1. Give me Rg over Rh for region 1-81, both radii from the alpha carbons and Rh done the Kirkwood way, two decimal places.
2. GNM, the chain, Cα, under 10 Å: largest mean-square fluctuation among Ala24, Ala242, Ala195?
3. Please check: in the Gaussian network model of the chain (C-alpha springs, under 10 Å), which one of Val179, Val75, Val144 has the largest mean-square fluctuation.
4. Can you give me the Cα centroid spacing of region 62-97 and region 168-233 in angstrom?
5. So if each residue of separation counts as 0.36 nm, and I subtract the Cα-Cα distance between Gln172 and Ala54, what length gain in nm does that give?
6. Would you please give the residues with an amide H less than 5 Å from that of Ile206, counting only those at least 5 places away or on a separate chain, with H modeled from the backbone geometry?
7. What list of ³J(HN,Hα) values in whole Hz, one per residue of region 165-173 in order, does the Karplus curve 6.51 cos²θ - 1.76 cosθ + 1.60 (θ = phi - 60°) give from phi, with Gly and Pro shown as x?
8. Can you list residues whose amide H is under 5 Å from Val120's amide H, if they're 5+ apart or on another chain and H is modeled 1.01 Å from N?
Amino acid sequence: MAIIAVFNQKGGVGKTTTALNLLAGIAQRGQRPVGIDLDPQGHLSHVFGTQPRAADDTVYGFFARQRPLADIARVSRSGVVICPAHMELAKLDAMLGKGFNVVTRLRHALRAPDAVGGPVVIDCCPLLNVLSLNAVFACDLIVVPVSADYLAVQGAKEVERALNALEPVFKQRLPRRYVITRFDMRRKMSAEVVAEMARSFRPEEICVTRIRENVKLAESPAEGLDVFRHAPESRGARDYEALLDELVGAGFLR
Ligand code: ADP
Ligand code: MG
């Protein structure tokens, strides 16, 4: 089973857009994916129409009250299983600390013999906090969206440093893929970002697929939809389809 964490310490780079459309694309291919929303802002949960009022009915309950993931999981209208977020998640850092048992809790739940079978996509918040560490420890692949602007590349370099610093714990290089998002060929900045990425990261860890700037991708969440439902013929749909193909080709997904 594939577990993908979508992470970047910078906000607004396309993490939620990427998590949403990877989940939707996987569902379209006939599997039943599980989305886990680890951002207290709960944008992913909101798009899927699953935002419970009680914190205990969300991943907060999983971390703070030891509730099984199966208890908090909801099935969205589009057939994606989603473990929703809650604002209270922001308190978990102070409550739980960052001990090894704490940061491996999600890993144990997702890898238990009775765990959900489908591919898992985790939408992280823009901080390397206890929740993001749980995602990093749980996953087989970290997808790092990098929007085509200068600050996003700086954010991605911080991710690279943070992941490398964790390597002694894992005793292996954590599998990762950097994905350029909001790419616009007409903008000089986009070409500069591509060049800077090529200088800064391992070439095999930069996705060939680039997610282009596309208004349909920005519009669809407001309708409670992923891009495949909102605008199946759009560039946004084609690009996320290509990203899925690339991840399948690399052996991260079936
Ligand atoms: P994050 O989760 O990293 O904070 P989001 O996925 O919420 O980032 O994206 C930030 C903003 O950029 C949102 O308004 C989203 O609709 C928009 N956006 C993301 N990707 C694209 C894209 N490829 N084209 C146009 N707008 C995009
Ligand atoms: Mg987000």
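1. Details: Rg = 12.6 Å, Rh = 13.3 Å.
In region 1-81, Rg relative to Rh is 0.95.
2. With Cα springs under 10 Å in the chain, the top fluctuation among Ala24, Ala242, Ala195 is at Ala195.
3. Comparing Val179, Val75, Val144 in a Gaussian network model of the chain, the most mobile one is Val75.
4. Region 62-97 and region 168-233 have Cα centres spaced 26 Å from each other.
5. Values: separation 118, 0.36 × 118 = 42.48 nm, distance 3.89 nm.
Going from the current span to full extension adds 38.6 nm.
6. Residues meeting the criterion, in which the H sits 1.01 Å from N, are Tyr178.
7. Once θ is set to phi - 60°, the couplings for region 165-173 become 5, 7, 4, x, 5, 7, 6, 7, 6 Hz.
8. Ala2, Ile3, Ile4, Val34
Bear in mind that the values in this text are calculations on the coordinates, not laboratory data. On a predicted model such as this, the values are computed, not experimentally measured, just so you know. Backbone-built Cβ (ideal geometry, glycine too); neighbour counts: all protein chains shown.
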